[in-house]
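Notes for the one structure printed next.
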Amino acid sequence: MKDYIIKGGKLVTSSGLLDNSGLLIMRGKIALPGAMRPESLYSGFACTLYPGSRSIVQFPRASENPDAYELIDATGLYITPGFIDLHVHGGFGFDVMDASTRALREMARYHASGGTTSFLPTVTAASPAQMLKALQAVAALSQRHTGGAMILGAHLEGPFLNPASAGALDKNLLRHPDIKEMESLLSTAEGNLRMITLAPELPGIREIIRMNTREGVVVAVGHSRANYEETRQAIKYGVRYAVHTFNATIPMHHRDPGLLGAVLTAPEVVTEAIADNYHLHPAMLQLLLSIKGKRGATLATDAIRAAGMSDGTYKFAGRQITVHNGKTSTPGGTLAGSTITMAGAVRNAVRFGNISLPDAVRMASANPARVLGLEDQKGSLAPGMDADIVLLDEDLEVRLVMVQGEIVVDRRKQYMQAGSK
């Protein structure tokens, strides 16, 4: 494995934009922050312990070993933590429900091109046999090398959802909570189920929430018609996340706040936004952040098979959907996932949502890492963290993506050629 120094550019941190004097990557980890004294970096380090680092950093002098590292020139670029997508159905013509490792690898490579360094493949509501097969495929690749973004585990969107708020899902495949089916899903995932979305108003849901919470699975709400009290009870039992906030649920009313009122006012619940300018008006992103604060919201794609493909007709959740100008919808006009990338979501949040770049990046990296309990491994550019790194140009287009210290996307030549014109 190569070691790298990323020189120049601007570090995008929770504290804002900082000049990068040299970000050292060793053995797939960030070994040295990029805001150190410039004169120190190239003269070498030896046996120095940095705050927050898990181990002693030893950096050889360049004169002693000129091949010790590869230099990456980030001049004119933004350096961000890798983006973590908690809600991904497909991409580049493939879908999680294809239930194959090939489909997942192709998805991982495609989404890496959009700045995603790790993600949760999302299994949609289907027959028990189909869901188990998809879970097996995800479990087989979880935490493994994919040549692209890392698969952190699975996200189940269903089957315990409300048919009245099915959205683009097949309402005939949604069903009431069943303890035995949940046990089977957990067993098949072999510890790789990281999130489940359910409707808190369904009978018997309390036991399902508690079972998943005991197993360390993040419980989310969505595709629901729950009222305020039902949602508050579910939060009490362990709900900590809300998928595609404002979508596939009852609109909030000032005398009937419903599920939205409950998740927006619960500090322990993190809310997910699909910033494709179709699922949410840009002003709603501003509103979401103003209510939930910088730590209370994430960006996700809800990307489907059509992401990265041309307009046309595709299959999603067993149904035919149409893509036109990037908008995905059923024949009846219901939104059906999205075709956006995480970099596109960050870009939209900044350009149209009036959100600062550091805040948008936090929503795409540190916040989802914290939702999964991985904040000590991913989501920031601190020493000891996984070297999941994205370089963005001034237009917030992806120029380089590194996953655990391995470069999986490199468009620096195109960027330099464009800059020379």
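Would you work out the relative contact order for the stretch 115-250, in percent, from Cα pairs under 8 angstrom that are 6 or more residues apart?
23
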Query raised in the report: Among the listed pairs K10/K378; K236/K327; K180/K327; K2/K378; K180/K294, which are separated by more than 27 Å between their Cα atoms?
Result: K236/K327; K180/K327; K180/K294
Query raised in the report: What is the spin-label model distance, in nm, from D19 to E183 if the labels are put 7 Å beyond Cα along the C-beta direction?
Result: 6.3
Query raised in the report: Which of the listed residues, M131, M26, H145, is farthest toward the dipole's positive end in the chain, when Lys, Arg count +1 and Asp, Glu count -1 at the beta-carbon?
Result: M131
Report summary line: the chain, Gaussian network, Cα under 10 Å: of S100, S310, S224, the residue fluctuating most is S310
**Report entry** Distance from the stretch 223-293 to the stretch 174-209 (C-alpha centre basis), Å
**Finding:** 21
Query raised in the report: Which whole-number percent is the relative contact order of the chain (Cα, under 8 Å, 6+ apart)?
Result: 19
Query raised in the report: For the chain, modelled as a Gaussian network with Cα springs under 10 Å, which listed residue fluctuates most, G115, G333, G91?
Result: G333
Report task. Compare A199, A164, A349 in a GNM of the chain, Cα atoms joined below 10 Å, and give the one with the largest fluctuation. Result -> A164
Query raised in the report: What translational diffusion coefficient, in µm²/s and rounded to a whole number, does the Stokes-Einstein relation yield for the chain at 37 °C and a viscosity of 0.692 mPa s, taking the hydrodynamic radius as the Kirkwood radius over Cα pairs?
Result: 151
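All of the numbers you see were taken from the coordinates with simple rules; none came from a lab. As the structure is a computational prediction, the values presented were derived from the model and not from experiment. Positions of Cβ are generated from backbone atoms using ideal geometry, with glycine treated the same way; all protein chains shown enter the neighbour counts.
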